[in-house]
Structures are given as structure tokens and as C-alpha cells.
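A short reminder: the numbers here are calculations on the coordinates, not readings from a lab. As the structure is a prediction and not an experimental result, all values here were calculated from the model. So basically every Cβ, Gly included, is an ideal-geometry build from the backbone, and we count neighbours across all protein chains shown.
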Amino acid sequence: MNGKISFGYLYDFRNPARWHRPWADVYAETLDFIAWTESAGFTGAWVPEHHNASDGYMPSPLVMLAAIAARTETIRLGSAVALAPLYHPVRFAEDCAILDIVSGGRLDMALGIGYRRREAAAYGVDFSARGRRTDEFLDIVTKLWAGETVTYSGKHFTVENAAITPAPERGHIPLYLGGFSDRALERAARYGQGYFGNLEIVEQYRAKLRACGKDPDSGRVRIQGTFVVVAEDPEQAMHELGPYYHHVNNTYGEWHDEDRAATGMADDTVLSPMTLAEFEASGTLTILTPGQAVDMFRGWLTRTPVEHFMMMLPPGLPPGEFVKYAETFAATVIPEFS
């Protein structure tokens, strides 16, 4: 396996009520942090998407990605994940093409179908059909990015003589499809250049590539580490960071409880709301010393072709207070895999 892996952060731009600050400050300080990570050696900035969230979880990732593109020069950027069923394919293809051009060809998009009924309902989308809707969406988008003129009549989308100008100069924009269900992994193998998600799912994804007649080593793998932090003093890090990651755990847990069956994950892998003390004792937040982190990533690379690992800037914490943790990672972990 390749001994290299790159690193970046997920930015959900939330502003929880407990630590609420002016929205303009949250956005500006996070953009400053992202620009700093580029200089520190991180190579990715990724924006997820959710709607109807009381803490303002980023609902408009493409707009924010344009702001990130304007503040950076070299890092890869993209969604992780954008909710494909909520977009019209022609508009999405156009917006991404422009974003890819203004960023200098740095855009990679990770997509999922979503798992919250209330988000689909807010957009007037049939929740039960979101997978089939996404299949049609991907059919159209990938053809438009390739420069084709598309006429398409499906159950969810009808377009006539659709074309986009300008199209991406690369003839495509790399797509990473997320998910955990059998159908989600089939979709990733069929339409995507890679898989975005959890390490334990990668072998299933590779099996789907084989079933599609593709070389499993051609599939690119990006892993999310929402609850992974590297620190010289894990106990102190838990004290400082635990409340912010606890908020992440409980909000995701509440959302999963809304539509638990729709996540495609087993009950024992889905987050659940808990007290702060329970969270700190649960092991959900993995705080590693630099040496432990290096060993973990080396172990992964002996088994799985992971190209990129995404951690999270915890919401609520002013980004300047997280810099010391990112500095530790940049100084002690990144050089081992460059």
C-alpha cells in the first residue's frame, strides 16, 4: 500500500447557543483558520451540509466553498457531504463548474442522500425516493461535466438540451459518494471516483468495485474522523475540548434518533445523546498522542488505500483556541506521511 496520506478538516460553521457569537465573527474566524491550515501543511478544507439545525449547521456549502477558494491557493476543497437529492442537477453542475474554475481546479465533491426526513420535507422531496432521485441526478450531472448536451426524461428530473458553459476544464469533477448501505456503496462504485465515509466500510466498497468490473485499487478512499484529536496531553485536551465534541455527539444522536432506520448503520454504531460525563467516559472522542496517531495511520495504510483523513474543527470553540492542537498534528504527524 502507498505510505502517504494527506490531512484536512471538516468545517460545519455551527454556532451553538451555549457559546453563541456574532455569525460574521464565526465565519470570518473560521475562514482565517482555514487559510492558516494551508500554510501549516494541511491539504483539505471540507464543508458538510444540513438544514433546519438550531445551531446553524452550514446549509449552503457551495457558497462557503467559494469563500474558501478565495482565501486559499493550494488546498483541495469540497463538500463532505452535500445532500444530492436537494439539488437540481443542471444548477448543481453549473455551480460546481464555476467553483472548480475559480479555485484553479481544486474542487472535489462528496455527496450523500441524507438521512433526515425533515430536510427532505423542507425541500418538497420524497424522502423514500431520495436514492433513486440521486441516481438520476448523477446521470445528468456527470454527463454535463463531460461536456455533453443532455436530454433526459426520468421520474424525478426532466431536462431538454441541457448543457453547461463553461464546463470543468478537467472534463469532470472528482466525486466521492458516501453512505453505509449496500445500495449506497453500489452507487459509489458506479458513479464516483471514490468513497467517503468510515474505515470499516471500505472493504465492502472495494467489493462493489469488483462487482462493477472495476479495479478495486482504482477507488479512492477518504475517511472522516469527526471525533479524532491529537494532543500531547490527552487528559487536558478532554477537559478543554470535551464539551464542544459532546455537542456534536448529541446533535447527531438526536438526528439519528429521528430516523434511525434511514442511516443504514447498525444501532451500535449510531451516536446517541448522553451527558457530558457519559460522553467523556464513552470513548467516542478519541484523543491520541502524536505517536499513537502515527501508529494508527501506518496501520491503516498496511491494509487500506486511504488517501485523505478529515478531522473536525469543533463547533462553538473559537478557532484560535484550536490552533495549538492543529499545530501539534502538523508538526508531529503530517511529516511522517508526506
Report, ordered by the first and then the second residue, all pairs with beta carbons closer than 7 Å, sequence separation of six or more or different chains, a first member in the stretch 117-141 that is closer than 12 Å to Gly154 by Cα and without any contact (Cβ under 8 Å) to a residue 24 or more places away in the chain, and a second member that is among the hydroxyl-bearing types (Ser, Thr, Tyr) and in a helix (DSSP H, G or I).
none
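Which one is surrounded by the fewest Cβ atoms within 10 Å (Cβ to Cβ), of the residues in the stretch 12-26 that are charged (D, E, K, R) and in a helix (DSSP H, G or I)? Please lay out each step first, then the result.
Taking the stretch 12-26 first, the residues charged (D, E, K, R) are 12, 14, 18, 21, 25.
From what's left, in a helix (DSSP H, G or I): 18, 25.
Details: Arg18: 9, Asp25: 11.
Checked the stretch 12-26; the qualifying residue surrounded by the fewest Cβ atoms within 10 Å (Cβ to Cβ) is Arg18.
Out of curiosity, is Glu29 more than 19 Å from the chain's Cα centre (by Cα) and within 20 Å of Tyr191 (Cα to Cα)?
On the way: more than 19 Å from the chain's Cα centre (by Cα): yes; within 20 Å of Tyr191 (Cα to Cα): no.
The answer is no for Glu29.
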For the stretch 232-255, check the following and say yes or no: at least one residue is of a type in the set (Gly, Ala, Ser), within 22 Å of Leu10 (Cα to Cα), free of Cβ contacts under 8 Å to residues at least 40 places away in the same chain and assigned to a helix (DSSP H, G or I).
yes
Determine if the stretch 197-209 includes at least one residue that is more than 20 Å from Gly112 (Cα to Cα) and either surrounded by fewer than 21 Cβ atoms within 10 Å (Cβ to Cβ) or more than 18 Å from the chain's Cα centre (by Cα) (or both).
no
Hits in the stretch 148-200 (condition: in contact (Cβ under 8 Å) with a residue 12 or more places away in the chain and of a type in the set (Val, Ile, Thr))
Thr149, Val150, Val159, Ile164, Ile173
Among residues of the stretch 318-338, those that are among the polar types (S, T, N, Q) and part of a helix (DSSP H, G or I), counted
2
Selection from the stretch 47-85 of residues in a loop (DSSP other than H, G, I, E, B), more than 16 Å from Ala28 (Cβ to Cβ) and not β-branched (Val, Ile, Thr) yields Pro48, Glu49, His50, His51, Asn52, Ala53, Ser54, Asp55, Tyr57, Pro59, Ser60, Glu73
Of those in the stretch 1-11 that are touching a helix residue (DSSP H, G or I) at 6+ places or on another chain (Cβ under 7 Å) and of a type in the set (A, V, I, L, M, F, W, C), the residue surrounded by the most Cβ atoms within 10 Å (Cβ to Cβ) is Ile5
Matching option when the condition is crowded, with 18+ Cβ neighbours inside 10 Å, farther than 23 Å from Tyr195 by Cα and small (Gly, Ala, Ser), among Gly283, Gly316:
Gly316
